[in-house]
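K.L.:
Pasting a structure here, questions to come.
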Amino acid sequence: MGFRSYLFKRLFYAVLVLFVILTFNFILFRVMPGDPEKMIIDPNFTVEAKQELRRQYGLDDPIMTQYFNYMKSLLRFDMGLSFNTRRPVWSELKERLPNTLILFVVTFISTATVGISLGVYAAANRGRYAERFVVGAGLFAHAVPGFFIQLLLLLVLGYYWPILPIHGTMSAPPPDGGFALFLDRVWHLILPAGSNVVIGFGSWALYTRNTMLEALSQDYIVTARAKGLQRGEILYHHALRSVLPPIVTLIFMSLPGAVSGAVITESIFSWHGVGRYLLDATLQMDYPAAQGAFYLIALSVIISNLLADIAYGLVDPRIRVGAGGQR
Amino acid sequence: MQKRIRLMLALVLSFTLAFGVAAMPVAAAVEFSDRGPNVDEIIMPIIKEQTARRIAFERGESVVWAGLTQPADIDQAKSLEIADMRMTLGFHMFYLCFNMRKAPFNDATIRHAMAYITDRDNIIRTLFKGYMLPMTSFVPQASVFYYDEVPTYPFSLAKASQLLDNAGYKLDATGKNRIDPNTGKPLPAMKIFTPTYEVAPTSAELGKMIAESAQKVGLPVEPEPMDFNVMLDKIDIADFDMYVLAWSLSRNPTHLVNFFHSNQDVEAGYNNPGIRSAELDAALDILDTAPDLATAKAAADEAQLILAREMPYIPLYSRPYIDAFRKDMVTGYIDMAGYGAASSKNQWTVLNIRQVDETGTPLDGGTIRWALSEEPKNLNPTTASSAYEWDVLDKLFDGLLTMHPESLEDMPWMAKKWDVDTWEVEPGKEGTVITWYLQEGIKWSDGVSFTAEDIDFTINFLKDNKVPRYLPYTENIVKTELVDDYTVKVYFDTVSYWHLYNADLVFLPKHIWQDVEDYQSFEPWLEPHPTMEGYTKLVGHGPFMLKEYRPGEFVRLVKNPNYWRLNATGK
C-alpha cells in the first residue's frame with residue numbers, strides 16, 4: 001500500500017471516529033443526571049419561568065430534532081449559545097484558547113526539554129548519585145498529586161517569599177507598551193508553567209532513562225564505543241536517535257492534554273483557559289458549552305492521532321506497509 | 001423590632017465568645033452616608049482559587065476576603081492583625097426535608113421525633129466550630145417576618161423515645177428498631193440523602209450525625225451520600241425519604257408559598273416535602289395576596305406556626321455572613337443584616353467605603369482592589385444569572401427602592417415615593433397598581449436623563465421578550481401607564497403587596513436598548529458606546545461605570561461622574 005492510500009485510510013477513520021465521538025457527546029449529557037434548568041435553585045424562579053427557559057434552550061424539542069440540529073450546527077462550527085451565559089460558545093472558547101495554548105506550549109517544551117535531558121543524563125551516569133537523584137526526584141514528582149505541588153509552590157513563592165504573581169495571565173491593570181506587557185505575561189507564566197514542569201518532568205525523565213539504558217546495551221553502541229567515538233556522540237547521535245520514535249509518539253499523544261489536562265492548573269492559578277471552562281460547563285449542565293469544549297478536545301485528539309500516524313508512516317515504512325497487511 | 005435587636009445582640013455575643021475578646025471586630029470609624037462613592041476606581045481581579053484569595057488579601061491585593069464559610073479560613077482571618085472581621089445574620093437556611101407522601105414520614109410523630117433527636121448545637125459546634133446559628137423557624141432570623149414564638153424541639157433523646165412509645169412505635173426484641181404500629185412490622189430503613197463527602201463534607205457528615213442520633217432511639221436511619229445531580233433528580237421525582245440541602249432566601253417570606261403550598265407540589269415545583277394542608281394553604285394564600293404589610297406579617301406568623309407543627313422540614317442552621325476587611329487600607333464598610341458587609345446587594349458599603357492612610361485617616365478618591373471569586377462571564381442585565389455577574393452589575397445599577405442596612409425597611413431611592421393601590425381588572429376582580437414617583441435629575445452614566453419612560457420601556461421589553469429571569473416578576477403585569485416624565489403606574493392582574501418589589505426591576509436605558517433586536521445575543525459590555533469614547537453600551541445609573549473588562553483577568557470600574565447621589569462637593 002502506498003503512502004497516499006495509507007493517508008486516505010487514516011483520514012476516513014478520523015472522520016468516522018469524530019462522528020462517533022460527537023454522537024456520544026450528545027447522548028452523554030442527556031443521560032447524565034441533572035437538568036440545565038434544575039441548576040437554577042432559586043425559590044423565585046417559577047415553574048412557568050423554567051418552562052420558558054427550556055423552550056428557549058430548545059430542550060422541549062424531540063430528542064432527534066435536537067440531535068440533528070446539534071450535528072448540523074457543529075458541521076458549520078456553530079456551537080450555539082451557552083445556556084449559562086447566553087453568549088456564543090465559540091466566542092467564549094476563542095477568548096480562552098490562546099491562554100491554554102500558551103501555557104501548554106511553554107509547559108510542554110520546558111517539561112520535555114528538562115525531562116529528556118535529565119533522562120539522558122541519568123542513563124549516562126548509571127549507578128551514580130546523579131542517576132539516583134534523577135530517578136528519586138522523578139518518582140517523587142510523579143507520585144505526589146499535582147495540585148498539592150502547585151498549592152505548595154503558590155504558598156512558598158506567592159506568600160512566604162512573595163516574588164511571583166498568584167493569579168491570572170497579566171497584572172490588573174496591565175502595563176502599557178508591547179514589551180512591558182510581554183514581560184508581564186512571562187512573569188505571570190512562571191508559576192503555573194514552572195509548577196507543571198515540576199509535576200511533569202518525572203515521567204519524561206524516567207521514560208527516557210529506561211529507553212536509553214536499553215539502547216545503550218545494544219550491540220551497535222558497543223561497536224560505536226569500540227570505534228572510539230566520543231561519549232556525547234554515542235549518547236546523542238546513536239542512542240538518543242534510536243529512542244526518538246516512541247518519544248515522538250509521546251509528544252503527539254500529549255497534545256490533547258493542552259485542553260483537557262489544564263483544569264487543575266487553570267483553577268489554582270486562575271488561568272483563563274479552556275480546561276476550567278469545560279469543568280464549569282459540565283458542572284452546570286451547560287450542554288452547548290460542554291459539547292463545544294469536548295468537540296474541541298475530540299478534534300485535537302483526532303488530529304494528534306492523525307499526525308502521529310502520518311509521522312510514523314513517514315519515519316517507519318514498516319507501519320504503512322503493515323497497515324495494509326501485505327508487502 | 002425588639003426581637004430583632006435581641007437577636008442581633010445574641011449574635012454579637014455568640015461571636016464575642018467564638019472569636020475571643022482580643023479578636024473582636026474593631027468598629028470602623030465611618031459616618032453612615034447615603035451619598036458617594038468615596039473612591040474613584042474599583043479594580044476587581046478575578047481570583048478563583050480559595051488559597052490564592054487568602055494570599056491576595058494578606059498581600060493587600062484585595063481589601064476584602066469576602067464570604068468566609070470554612071472554619072479554618074475564619075480562624076486564619078481572625079488571626080490577622082490587619083483584618084477587621086464583620087459578621088451579620090444571613091438569609092441562608094440549611095434544612096432536613098421529609099417526604100410526607102410516604103410512610104412513615106406521613107406521620108407527624110416520626111417527624112417530631114426526628115426533630116427531637118437532631119442536636120443542632122452539637123452539629124454546629126462539631127462541624128462548624130460554632131460559626132453557624134441554630135434555626136428553629138422557616139424564615140431566617142434576619143427577616144422582619146421571622147416569628148420566634150413557634151414551638152421548638154430542643155434536643156432530647158428521651159422525649160423522642162417517649163413520643164414514639166406513646167404513638168405505638170415500640171422497640172422490637174433487639175431493642176434496636178421500632179415496630180410500625182400501622183403494619184406490625186419493623187420500620188424500614190430510612191435514608192437521608194446528602195451530597196458526597198468530596199463535594200460537601202459537612203453536609204455528608206451532618207447526615208451521618210443525625211442518622212447515628214436517630215439510631216439511638218430505634219429509628220433505622222442511614223445516611224446515603226450521592227452525586228449532587230442524582231440527588232436533585234431523585235428529589236424532583238419524589239424518590240426519597242429525607243435529604244439535606246440549603247436555600248438562599250430573601251427578606252420577604254414569599255418563599256413559604258413556593259415551598260409549602262399544595263399547588264407547588266407539581267413537577268418542577270418547590271414543594272418537595274409534598275405537604276398538603278388546607279389550613280396552611282389558606283394562610284399562604286393570604287400571605288401571597290396580602291394587600292399590605294400588616295396582613296402579610298400576620299399570615300407569615302400563622303404559616304410559621306403551622307409549619308412548626310407539621311414539620312415538613314427541620315430547619316437546622318443559618319449561615320451568617322462573615323467578611324474580613326483590610327482595616328489598614330479601607331474603612332466605611334457597612335454591616336447589612338441578611339446581606340453582609342461585602343455583598344453586592346449592600347449598596348451602602350459601595351457608597352461609603354474609602355481608603356485610609358498609614359495613620360488610619362480616611363482619604364477621598366483613589367483606587368481599591370476587591371477580588372472576585374469567579375469570572376463575571378455575562379454582563380447583559382437581562383440574561384446575567386450568577387451572583388458573580390451581579391457582583392459587578394449591582395454597582396452599575398440603582399433601584400427605585402432600597403433597604404435600610406439595619407432594619408431592612410424600604411427606603412425611597414430613585415423613587416422619592418410610591419403608592420400601592422387596587423384597581424378593577426374586570427368586573428369582580430381586583431388587581432394591584434403601583435405608582436412610582438421618580439426623583440428628578442437622575443441621569444444615566446452617559447448623561448441622558450432617566451425618566452419614567454425608561455421604566456415603561458423596560459417592563460414592556462422584558463414582558464414582550466418573555467425574558468425568563470424576569471418572568472416571575474412580570475408575568476402578572478397587565479399594562480403600564482406613563483403619567484408624566486417622572487410618574488408611572490404599573491398594573492398587576494392580582495392583588496399582592498409583593499408586587500411592589502416585582503415592579504422594582506433592573507431598568508434599562510431606552511436610548512440604548514430600543515434598537516436591540518435580540519436581547520440574548522446583545523453584549524452591551526463589548527459594544528462601544530455611540531458617543532462616549534472609551535466606554536461601552538453597558539449604561540447604568542449606579543455609583544460606578546464599567547471602564548474595562550478583561551475576561552478571566554479583572555474588571556475595572558470607575559466612579560460615575562453623572563451619579564445622582566454624588567457627595568455635595570461633587571467628588
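K.L.:
Go through the range B:517-536 and give me each residue that's more than 29 Å from the chain's Cα centre (by Cα), assigned to a loop (DSSP other than H, G, I, E, B) and free of Cβ contacts under 8 Å to residues at least 40 places away in the same chain.
P.N.:
B:Glu517, B:Asp518, B:Leu526, B:Glu527, B:Pro530, B:Glu533, B:Gly534
K.L.:
Can you name the residue in the range A:139-150 that is over 30 Å from A:Gly232 (Cβ atoms) and surrounded by 18 or more Cβ atoms within 10 Å (Cβ to Cβ) and is also farthest from the other protein chains (Cβ to nearest Cβ) among such residues?
P.N.:
A:Gly146
K.L.:
Determine which member of the set A:Leu75, A:Leu103 is over 12 Å from A:Ala289 (Cα atoms) and surrounded by fewer than 18 Cβ atoms within 10 Å (Cβ to Cβ).
P.N.:
None of the others qualify; the one that does is A:Leu75.
K.L.:
If you go through the range B:540-547 one residue at a time, do you hit one that is within 13 Å of chain A (Cβ to nearest Cβ) and either touching a Cys at 6+ places or on another chain (Cβ under 9 Å) or not in a loop (DSSP other than H, G, I, E, B) (or both)?
P.N.:
The answer is yes; a qualifying residue exists.
K.L.:
Being without any contact (Cβ under 8 Å) to a residue 40 or more places away in the chain, at positive phi, more than 14 Å from chain B (Cβ to nearest Cβ) and not aromatic (Phe, Trp, Tyr) narrows it down to one residue among A:Gly127, A:Gly136; which is it?
P.N.:
A:Gly127
K.L.:
Between residues in the range A:57-68 that are of a type in the set (Gly, Ala, Ser) and residues that are part of a helix (DSSP H, G or I), which pairs lie under 8 Å by C-beta distance while being six or more apart or on different chains?
P.N.:
A:Gly58/A:Gln66; A:Gly58/A:Asn69
K.L.:
Here's a follow-up. What are the pairs with Cβ atoms under 6 angstrom where one residue, in the range B:486-500, is outside any loop (DSSP other than H, G, I, E, B) and the other, located anywhere, is of a type in the set (Lys, Arg)? Sequence gap at least six, or different chains.
P.N.:
Short answer, once both residue conditions are applied: B:Tyr491/B:Lys479.
K.L.:
If you don't mind, there's one more thing I want to ask. Could you tell me which numbered condition A:Val248 fails, if it satisfies all but one of (1) hydrophobic (A, V, I, L, M, F, W, C); (2) at pLDDT 80 or above; (3) surrounded by fewer than 18 Cβ atoms within 10 Å (Cβ to Cβ)?
P.N.:
It is condition (2) that A:Val248 fails.
K.L.:
Another question about this same structure. Working only within the range A:72-96, note down all residues that are in a helix (DSSP H, G or I) and within 12 Å of chain B (Cβ to nearest Cβ).
P.N.:
A:Val89, A:Ser91, A:Glu92, A:Leu93, A:Lys94, A:Glu95, A:Arg96
K.L.:
Moving on. May I ask you to say which residue of A:Tyr57, A:Tyr67 is more than 27 Å from A:Ala262 (Cβ to Cβ), modelled with pLDDT under 80 and among the hydroxyl-bearing types (Ser, Thr, Tyr)?
P.N.:
A:Tyr57
K.L.:
Tell me, please, whether a residue that is within 14 Å of chain A (Cβ to nearest Cβ) and β-branched (Val, Ile, Thr) can be found in the range B:449-456.
P.N.:
no
K.L.:
Would you mind finding the one in B:Val392, B:Val433 that is among the β-branched types (Val, Ile, Thr), within 26 Å of B:Tyr339 (Cα to Cα), within 27 Å of the chain's Cα centre (by Cα) and not in a loop (DSSP other than H, G, I, E, B)? Quick ask: steps written out before the conclusion?
P.N.:
Values: B:Val433 fails: within 26 Å of B:Tyr339 (Cα to Cα).
Selected residue: B:Val392, the only one of B:Val392, B:Val433 that is among the β-branched types (Val, Ile, Thr), within 26 Å of B:Tyr339 (Cα to Cα), within 27 Å of the chain's Cα centre (by Cα) and not in a loop (DSSP other than H, G, I, E, B).
K.L.:
Still on this structure, please answer the following. Does A:Arg225 meet the test of being part of a helix (DSSP H, G or I), free of Cβ contacts under 8 Å to residues at least 24 places away in the same chain, away from every other protein chain (no Cβ under 14 Å) and of a type in the set (D, E, K, R)?
P.N.:
On the way: part of a helix (DSSP H, G or I): yes; free of Cβ contacts under 8 Å to residues at least 24 places away in the same chain: yes; away from every other protein chain (no Cβ under 14 Å): yes; of a type in the set (D, E, K, R): yes.
It is true that A:Arg225 is part of a helix (DSSP H, G or I), free of Cβ contacts under 8 Å to residues at least 24 places away in the same chain, away from every other protein chain (no Cβ under 14 Å) and of a type in the set (D, E, K, R).
K.L.:
Only one of these conditions is not met by A:Ile41: (1) more than 9 Å from chain B (Cβ to nearest Cβ); (2) surrounded by fewer than 16 Cβ atoms within 10 Å (Cβ to Cβ); (3) modelled with pLDDT under 80. Which number is it?
P.N.:
Failing condition for A:Ile41: (1).
K.L.:
Shifting gears a bit: Take the range B:162-178 and flag every residue that is outside any loop (DSSP other than H, G, I, E, B), of a type outside the set (D, E, K, R) and modelled with pLDDT of 95 or more.
P.N.:
B:Gln162, B:Leu163, B:Leu164, B:Asn166
K.L.:
What are the residues in the range A:159-214 that are surrounded by 18 or more Cβ atoms within 10 Å (Cβ to Cβ) and at positive phi, if any?
P.N.:
Matches in the range A:159-214: A:Gly168 only.
K.L.:
For the range B:395-430, enumerate the residues that are in a loop (DSSP other than H, G, I, E, B) and of a type in the set (A, V, I, L, M).
P.N.:
Scanning the range B:395-430 gives B:Leu396, B:Leu400, B:Leu408, B:Met414.
K.L.:
Can I ask one more? Does at least one position in the range B:524-536 carry a residue that is within 30 Å of B:Thr435 (Cα to Cα) and at pLDDT 95 or above?
P.N.:
Initially, the range B:524-536 is screened for residues within 30 Å of B:Thr435 (Cα to Cα), giving B:524.
Filter once more, keeping what is at pLDDT 95 or above: B:524.
Yes, the range B:524-536 has at least one match.
K.L.:
Ok, one more. Considering only the range B:439-460, state which residues are under 30 Å from the mean Cα position of the chain (by Cα) and touching a residue at least 60 places away in the same chain (Cβ under 8 Å).
P.N.:
Correct list: B:Gln439, B:Ile442, B:Lys443, B:Trp444, B:Ser445, B:Phe450.
K.L.:
Identify, from the list B:Trp370, B:Trp436, the residue that is surrounded by 21 or more Cβ atoms within 10 Å (Cβ to Cβ), in contact with a strand residue (DSSP E or B) (Cβ under 6 Å, 6 or more places away or on another chain), on the phi < 0 side of the Ramachandran plot and within 14 Å of chain A (Cβ to nearest Cβ).
P.N.:
Criteria check complete, one pass: B:Trp370.
K.L.:
Given the criteria away from chain A (no Cβ under 14 Å) and surrounded by 18 or more Cβ atoms within 10 Å (Cβ to Cβ), does B:Ser161 qualify?
P.N.:
Criteria met by B:Ser161.
K.L.:
So B:Thr295 fits all but one of (1) over 30 Å from B:Met231 (Cα atoms); (2) of a type in the set (Ser, Thr, Tyr); (3) within 14 Å of chain A (Cβ to nearest Cβ); what number is the exception?
P.N.:
Going through the list (1) over 30 Å from B:Met231 (Cα atoms); (2) of a type in the set (Ser, Thr, Tyr); (3) within 14 Å of chain A (Cβ to nearest Cβ), B:Thr295 breaks only (3).
K.L.:
To continue, here is another question. State whether one or more residues within the range B:305-314 are within 14 Å of chain A (Cβ to nearest Cβ), part of a loop (DSSP other than H, G, I, E, B) and within 20 Å of the chain's Cα centre (by Cα).
P.N.:
First, pick out the residues of the range B:305-314 that are within 14 Å of chain A (Cβ to nearest Cβ): B:313.
When the remaining residues are screened for being part of a loop (DSSP other than H, G, I, E, B), the result is none.
So far as the range B:305-314 goes, no, none of its residues is within 14 Å of chain A (Cβ to nearest Cβ), part of a loop (DSSP other than H, G, I, E, B) and within 20 Å of the chain's Cα centre (by Cα).
K.L.:
Among the residues of the range B:487-499, count how many are buried (at least 20 other Cβ atoms within 10 Å of the Cβ) and either of a type in the set (Gly, Ala, Ser) or over 12 Å from B:Thr422 (Cα atoms) (or both).
P.N.:
Number satisfying all stated conditions: 3.
K.L.:
Right, here's the next one. What number of residues within the range B:215-254 are β-branched (Val, Ile, Thr), more than 8 Å from every other protein chain (Cβ to nearest Cβ) and surrounded by fewer than 17 Cβ atoms within 10 Å (Cβ to Cβ)?
P.N.:
1
K.L.:
What are the residues in the range B:350-382 that are more than 18 Å from B:Leu396 (Cβ to Cβ), among the hydrophobic types (A, V, I, L, M, F, W, C) and outside any loop (DSSP other than H, G, I, E, B), if any?
P.N.:
The one that is more than 18 Å from B:Leu396 (Cβ to Cβ), among the hydrophobic types (A, V, I, L, M, F, W, C) and outside any loop (DSSP other than H, G, I, E, B): B:Val356.
K.L.:
Now a separate question. Consider B:Asp281 carefully, then state whether it is away from chain A (no Cβ under 14 Å), farther than 30 Å from B:Pro154 by Cβ and surrounded by fewer than 21 Cβ atoms within 10 Å (Cβ to Cβ).
P.N.:
No, not satisfied.
K.L.:
For residues that are assigned to a loop (DSSP other than H, G, I, E, B) and at the interface with another protein chain (Cβ under 10 Å from one of its Cβ atoms), tally how many sit in the range A:157-190.
P.N.:
Number of matching residues: 11.
The values are calculated or read from the model by the stated rules, or taken from the named source; none is laboratory data. All of these numbers come straight from a predicted model, not from anything done at the bench. No Cβ is skipped: glycine too gets one built from the backbone with ideal geometry, and neighbour counts run over all protein chains shown.
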